[in-house]
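*Asks:* Here's a structure for you.
The values are calculated or read from the model by the stated rules, or taken from the named source; none is laboratory data. Computed from a predicted model, the values in this text were never measured in an experiment. For neighbour counting, all protein chains shown are included, and Cβ atoms are generated from backbone atoms with ideal geometry for every residue, glycine included. Heavy atoms of the whole protein, side chains included, go into the accessibility calculation; ligands, DNA and RNA do not. Shrake-Rupley method; radii C 1.70, N 1.55, O 1.52, S 1.80 Å.
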Amino acid sequence: MTLDARKKSVLMAIVQDYIATAEPVGSRTIARKYKLGVSPATIRNEMADLEEMGYIEQPHTSAGRVPSDQGYRYYVDHLMKREEFNFDEAKLLLNGYLTKKQEVGHVLRSAGQLLSQITNYAGVVMSTHFGRGRFKHIQLVHMGEGQSMVVVVTDSGAVHHRIIDIPESIRAADLETISSVLNHKLQGKTIENIRLTLIKEIYFELAKQKHILNMAMDVIQEGLSLETGEKIYLGSLFNILNQPEFHSIEKVKVLLGLLENEHELANIMSDVFQEEGVTVRIGEEIMDDRLRDYSLVMGTYRMKGKPVGSIGLLGPTRMDYARAFAVVEYMTENLSLVMERLMRWRGK
């Protein structure tokens, strides 16, 4: 049996009312609040059909019905209306991170906080790179007597830097020589390609600057190592715990246990990595028994068109999908712009 216009209207009313109230929805409620132009008896018949088809279900002995995962899926795919929000405040916050000249990690952590703040769900941001990062460029910049900045750029566009102490006798020209040798020897190399023989060559050529070279090589190896894994940044968890679904202590323990496991979270979020647009996973679609009562709305942010991470909202299956979809869509687009601008600034 396919869904005709009336069944779609009844299903949409049930989903929207349950999202708003967290209470099972009865036929009289639908007739009173949604003005479908039919009697409660007719609505009850439509609800019986929807239940038989698997779109709604009856919790315990309640007279009302709630959407099933199948019902939420149909709503997201066919009934949900796109929402437009004025995100001026969020845009100002995102761009404010640049004016403070923060590190990439600070920006991503703040983005997770912003996701949680806007939606009252758990905001999750994942930074990741597939494959091994390759060395692109290094520059040792003289910062005055006794100090230098080491700036390492990888082929993904990521920039890693550190201030190091150097002998006061070292001049800017000496740092330029070290940079030139390292760029010539290491161009295009992964961390595995930087073999002992190559390191010996570099140290032989730059024997007089061994102390500086040690610290520069540390920054290079640190940068290339970071390219191989995922990093998870969580927004505030207090907001989601105010949702009615989390009045159960056991549910809270399960949720917090999962959110504290960075590796498992990364595995779940990597499912949508490189996908276009916003992806919604509902209940069993997440493929993790602990998240049977949850939904994930996720998107991928990019740099120069290349996917470099995912952002998502984790909430109960009774989440406001239209709003969550709009927030994630907005954040992926704008986080991509902010990250590109931040990397250009770091590369100067």
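*Asks:* Which condition breaks for Val254 when tested against (1) in contact with a Leu (Cβ under 8 Å, 6 or more places away or on another chain); (2) open to solvent by 40 Å² or more (accessible area, probe 1.4 Å); (3) aliphatic (A, V, I, L, M)?
*Replies:* Result: Val254 passes all but (1).
*Asks:* Please determine, by comparing only the residues of the range 42-76 that are in a loop (DSSP other than H, G, I, E, B), touching a residue at least 12 places away in the same chain (Cβ under 8 Å) and of a type in the set (S, T, N, Q), which one is most open to solvent (accessible area, probe 1.4 Å).
*Replies:* Gln58
*Asks:* Name every residue in the range 1-41 that is among the β-branched types (Val, Ile, Thr) and crowded, with 18+ Cβ neighbours inside 10 Å, in order of residue number.
*Replies:* Val10, Ile14, Val15, Ile19, Val25, Thr29, Ile30 - these are the residues of the range 1-41 that are among the β-branched types (Val, Ile, Thr) and crowded, with 18+ Cβ neighbours inside 10 Å.
Results for (1) at pLDDT 85 or above; (2) surrounded by 21 or more Cβ atoms within 10 Å (Cβ to Cβ); (3) of a type in the set (D, E, K, R), shown as yes or no for each residue.
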residue	(1), (2), (3)
Asn120	yes, no, no
Met126	yes, yes, no
Phe130	no, no, no
Leu140	yes, yes, no
Gly144	no, no, no
Met149	no, no, no
Val152	no, yes, no
Asp155	no, no, yes
